[in-house]
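Here the structure comes first, spelled out in structure tokens, and everything after it is commentary.
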Amino acid sequence: MAAMTATRETVFRPATPADADALTAVERDTNLVALAHVFPGVPYPSADVRERWRRLLADPEVQVEVAGPSERLDVYLAWDDERLRHLGVRPGLWGRGLARRAVERATGVHRLWVLRDNARARGFYEHLGWTPTGREQQAEWPPYPVELEYGR
């Protein structure tokens, strides 16, 4: 019941450096479910992801917001003036509108990168009107799968 209430009354707040561990944990939990087929058998790079969150949280050009209890976040997003950098929802809360609400907060963004093999995320963004630009790049983590740029 608590999860249902949390999703209806989701309150986003700016993330702080104290959230780096919780951000790492929720990103790990999300990716281990959503991207297991993209990174099969690859150990999750927790230390590297934590360090990336620390850098993002210290970057004045990047906004990072979270919702949910500080020890177990429900949703996170990070963006700058033009690009949605990160978005994730705890798997048990998928399909409840949290991702849509998060994307709506990232005002001004018009670009993002998504893994080519992440059909769920690509379908979500396309449903919101994002379209592939035709640009590709390799992801930052081994085995370096292909990412596609989307724009709106």
Next on the checklist: With the structure loaded, tell me whether Pro132 is on the phi < 0 side of the Ramachandran plot and touching a residue at least 24 places away in the same chain (Cβ under 8 Å) or whether it fails that test.
Outcome noted: no
Next on the checklist: For the condition closer than 21 Å to Trp94 by Cβ, in contact with a Pro (Cβ under 6 Å, 6 or more places away or on another chain) and either surrounded by 18 or more Cβ atoms within 10 Å (Cβ to Cβ) or without any contact (Cβ under 8 Å) to a residue 60 or more places away in the chain (or both), what is the one hit in Val33, Val26, Val49?
Outcome noted: Val33
Checklist entry - Would you pick out the residues in the range 31-82 that are basic (Lys, Arg) and more than 18 Å from Ala102 (Cα to Cα)? => result Arg50, Arg52, Arg54, Arg55
Checklist entry - Among the residues of the range 128-148, which ones are surrounded by fewer than 17 Cβ atoms within 10 Å (Cβ to Cβ), under 20 Å from Trp79 (Cα atoms) and not hydrophobic (A, V, I, L, M, F, W, C)? => result Gly129, Thr131, Pro132, Thr133, Arg135, Glu136, Gln137, Gln138, Glu140
Checklist outcome for this item: Scanning the range 88-112 for residues that are crowded, with 20+ Cβ neighbours inside 10 Å and aromatic (Phe, Trp, Tyr) gives none
Checklist outcome for this item: Okay, helices (runs of 4 or more DSSP H) sitting entirely in the range 34-152 with 2 or more residues that are under 14 Å from the mean Cα position of the chain (by Cα), hydrophobic (A, V, I, L, M, F, W, C) and within 22 Å of Thr24 (Cα to Cα), I get 46-58, 98-105
Next on the checklist: Looking at the range 90-111 only, could you name the residues that are at pLDDT 95 or above, of a type outside the set (D, E, K, R) and touching an Asp or Glu at 6+ places or on another chain (Cβ under 7 Å)?
Outcome noted: Pro91, Leu93, Leu98, Val109, His110
Item to check | Conditions (1) surrounded by 13 or more Cβ atoms within 10 Å (Cβ to Cβ); (2) closer than 14 Å to Leu77 by Cα; (3) of a type in the set (Ser, Thr, Tyr): number failed by Thr16 | outcome: (1)
Checklist entry - Do the conditions hold for Ala119, that is, is it more than 19 Å from Pro60 (Cα to Cα), surrounded by fewer than 15 Cβ atoms within 10 Å (Cβ to Cβ) and among the aliphatic types (A, V, I, L, M)? => result yes
Next on the checklist: Taking the conditions exactly as written (closer than 16 Å to Val75 by Cβ and modelled with pLDDT of 95 or more), does Val114 satisfy them or not?
Outcome noted: no
Checklist outcome for this item: Arg96 vs (1) over 25 Å from Thr131 (Cα atoms); (2) of a type in the set (D, E, K, R); (3) in contact (Cβ under 8 Å) with a residue 24 or more places away in the chain: all pass except (1)
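The values are calculated or read from the model by the stated rules, or taken from the named source; none is laboratory data. Here the structure is a predicted model, which is why all the values come from computation and not from measurement. Every residue, glycine among them, receives a Cβ derived from its backbone with ideal geometry; neighbour counts consider all protein chains shown.
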